[in-house]
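Every number here is computed from the coordinates shown, using simple stated rules; none is lab data. The shown structure was predicted, so the numbers you read here are calculated from the model rather than taken from an experiment. Here Cβ is always computed from backbone atoms with ideal geometry, including for glycine, and neighbour counts include all displayed protein chains.
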Protein chains: 2
Amino acid sequence: MDKKTVVVALGGNAILQRGQKGTLEEQQANVRGTCEQLARMVLSGRWKLVITHGNGPQIGSILLQQEAAKQTVPPMPMDACGAQTQGLIGYMIQQSLHEILSENGRGDIPLATVVTQVIVDKDDPAFSDPSKPVGPFYTAEEAQEMHDQLGWDVVEDAGRGWRRIVPSPDPVRIAEKDFISILVKNRAIVVASGGGGIPVTEEDGRLVGVEAVIDKDLAGEQLAEDVGAHVLLILTDVPQVKLNYGKADEQDLDSMTAEQAKHYMEEGQFARGSMEPKVRAAVRFVEAGGERAVISSLAQASDALEGRAGTQIVAS
Amino acid sequence: MDKKTVVVALGGNAILQRGQKGTLEEQQANVRGTCEQLARMVLSGRWKLVITHGNGPQIGSILLQQEAAKQTVPPMPMDACGAQTQGLIGYMIQQSLHEILSENGRGDIPLATVVTQVIVDKDDPAFSDPSKPVGPFYTAEEAQEMHDQLGWDVVEDAGRGWRRIVPSPDPVRIAEKDFISILVKNRAIVVASGGGGIPVTEEDGRLVGVEAVIDKDLAGEQLAEDVGAHVLLILTDVPQVKLNYGKADEQDLDSMTAEQAKHYMEEGQFARGSMEPKVRAAVRFVEAGGERAVISSLAQASDALEGRAGTQIVAS
């Protein structure tokens, strides 16, 4: 039987957990746990794997470091910082997954990270409505200065201080889709589009980096479409999608159709910036022809991929 | 005629020039000029391209930023910093080269960066004789503190202050060679092994990052061997290798055999840490079966590749 292709979108907790400081050792230990789940998918012999991941804490650290050294080292814009996190996180994942595959006699499977740009529309309405907080906290005075000198959009973040906000545009196409497709066809395991990809716009055929953050699940969906994946597996910190979350009649969903999912979204069942974009990515994938999308937790990832756990989303 | 494969090793000046501050704009402008040379090789229709590059100034900036923010953000070891620079520099190269190829009607060629680990021998004598200065300058007191607290090896650098020194071991194998080979076979352009690769040792089948810097030309040579390249093209800031450099009888070399090159090296003709490792990489490549190695300047890169400029090194 021919192997099917799955794009696995890892949540933030797959790399760094709340309350951790962010040392390389901590991140490597988390990644090792994550890769044990990923290795099970590979070792089943049924799946070709493309892996994508978030980069929130890592890009946050780079922005803090840039800020601290800005008198001596020119800070880079966010597209360049995103590229750095793709290198860093990709390195951890490819090293760790290779290690586990080697322990299981499959160290021969080619495996690495591809630096990935994701094309967004320069007329995306998100560019006139920045919404995604990034980087360090500032005082009101500092925030005003950043706004005046650098043109940043800033907002106050729930009493914790002021932060920069950037647009979160919709992904349109993975710039390196042919490059990644060659690898998938040849059964290599690919880490791609980390942190939602490096956001770029197309201007007269040129790709130009923009200061924005693409939602990593929506970017993962685009990646899944562009490489012709059969399944999109979105991992988060809950085992299933819930209806009436936190209420007396809270209910776990084993499965839903795209139609049902859209209905629930209209009802406002899913938290914005959290479960909502995951469900939206799942719907988009199956409506674009994907066989199945799955939302589950890291701990149940390989069972969810096999249809034995998580919430399964199908076209109809 | 089947295309031949060339590994092009870019010198530091291809990305950042002396005296520049290191803004993204400066680096992008330099990279654009570099990619114009690279594009000529691709557009000739005769070459499949693998590109590698240094990362000295970029890893230096990251080390400064880490130092400045170390009270709030845990600094990463050098292997992780190297991975970050691969993402950053790879992003600039793939974006810029794609742009020029698109302008010339060849935007269809798949092109991206592969995060690359380079395996070194943990018993390499370099580990007991660190020699490569990295990162910021310190006062004698700070350097002593780094030595005592972190175990760093430190040296005084010609009156400019104290610096950390790390080992510069020999590359043994490109960990991602099969992954990169798939891409080369399928005529994708690959940026790989940036900054000499992320140095790792093999321990019980595991890859473990080490605090070291691999010479980027020697790593490029290993990459060329591992992907079965025909030509290794090493670019620097002089058009040809010279004998009796800076003396009255200075002489440009159009070509030399491996035998001659080794003789010149024994005579001490080439500066350590500068031209010497380039000549050593060239000799190693042709002795391992490579057709030809070439050392030239960025400005003459595509002519040198065609044998019309630079210093050509052949086995005999």
Query raised in the report: Considering every pair of different Cα atoms, what Kirkwood radius, in Å, is found for the protein assembly as shown?
Result: 25.3
Query raised in the report: To the nearest 10 degrees, how steep is helix A:56-68 against the longest Cα principal axis of chain A, on a 0 to 90 scale?
Result: 20
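Can you give the FRET efficiency to the nearest 0.05 for residue A:140 and residue A:243, using r as the Cβ-Cβ distance and R₀ = 45 Å?
Numbers: r = 40 Å, r/R0 = 0.90.
Efficiency computed from Cβ-Cβ geometry: 0.65.
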Query raised in the report: From the square roots a ≥ b ≥ c of the eigenvalues of the alpha-carbon gyration tensor of segment A:16-92, which class results: rounded (a/c under 1.5), prolate (a/b over b/c), or oblate?
Result: prolate
Query raised in the report: What's the center-to-center distance, using Cα atoms, between segment B:150-214 and segment A:236-272 in Å?
Result: 47
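Based on a Kirkwood Rh over C-alpha pairs, give the Stokes-Einstein translational diffusion coefficient of chain A at 20 °C and viscosity 1.002 mPa s in µm²/s.
Working: Rh = 20.1 Å.
It comes out at roughly 107 µm²/s.
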Report task. Give A:21/B:177; A:132/A:247; B:185/B:262; B:4/B:122; B:48/B:122; B:122/B:216 a once-over and call out the pairs whose C-alpha atoms are over 23 Å from each other. Result -> A:21/B:177; A:132/A:247; B:185/B:262; B:4/B:122; B:48/B:122
Report task. Would you mind checking the tilt of helix B:216-226 against the longest principal axis of the Cα atoms of chain B, expressed as 0 to 90 degrees and rounded to 10? Result -> 50
Requested in this report: Just name one of A:245, A:258, A:274: the one whose Cα is farthest towards the positive end of the charge dipole of segment A:238-278 (beta-carbon charges, Lys/Arg +1, Asp/Glu -1).
Outcome: A:274
Query raised in the report: Extent of segment A:161-229 along each principal axis, from alpha carbon coordinates, in Å, largest to smallest?
Result: 48, 32, 15
**Report entry** C-alpha center-to-center spacing [segment A:56-130, segment A:219-235] in angstrom
**Finding:** 18
**Report entry** Label spacing, shortest first and in nm, from residue B:29 to its equivalents in the remaining copies (7 angstrom along Cα→Cβ)
**Finding:** 4.7
Query raised in the report: Nm distances between the label at residue B:153 and the same-position labels in the remaining copies, 7 Å along Cα→Cβ, shortest first?
Result: 5.1
Query raised in the report: For segment A:53-162, what log10 I(q)/I(0) values come out of the Debye formula at q = 0.09, 0.14, 0.16, 0.21 1/Å, with one point per alpha carbon and no solvent?
Result: -0.36, -0.75, -0.89, -1.25
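I need to check one value: relative contact order of segment A:162-251, counting alpha carbon pairs closer than 8 Å and at least 6 residues apart, in percent. Mind dumping the intermediate values first?
Details: 90 pairs, mean separation 26.9, N = 90.
It comes to 30 percent, rounded to a whole number.
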Query - Exposure rule at most 16 other beta-carbon atoms within 10 Å, DSSP loop trypsin sites (Lys or Arg not before Pro): chain B longest free segment - result: B:188-246
Query raised in the report: Given a Förster distance of 51 angstrom, what is the FRET efficiency for residue A:129 paired with residue B:172, based on the Cβ-Cβ distance and rounded to 0.05?
Result: 0.45
Requested in this report: With an 8 Å cut-off on Cα pairs and a minimum separation of 6 or more residues, tell me the relative contact order of chain B in percent.
Outcome: 21
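Counting only C-alpha contacts under 8 Å and six or more residues apart, can you give the relative contact order of segment B:219-305 as a whole percent? Present the calculation step by step, with values, prior to reporting the outcome.
On the way: 111 pairs, mean separation 38.5, N = 87.
Relative contact order, segment B:219-305: 44 percent.
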Report summary line: One decimal, nm, nearest first: from residue A:248 to the same residue in each other copy, label points 7 Å out along Cα→Cβ, the values are 10.4
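Given the convex hull of the Cα atoms of segment B:227-278, what is a quarter of its surface area in nm²?
Numbers: hull surface 18.0 nm².
Mean projected area for segment B:227-278: 4.5 nm², to one decimal.
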Requested in this report: Find the chain A residue whose Cβ sits closest to the rotation axis that carries A onto B, and give that distance in whole Å.
Outcome: A:87, 1
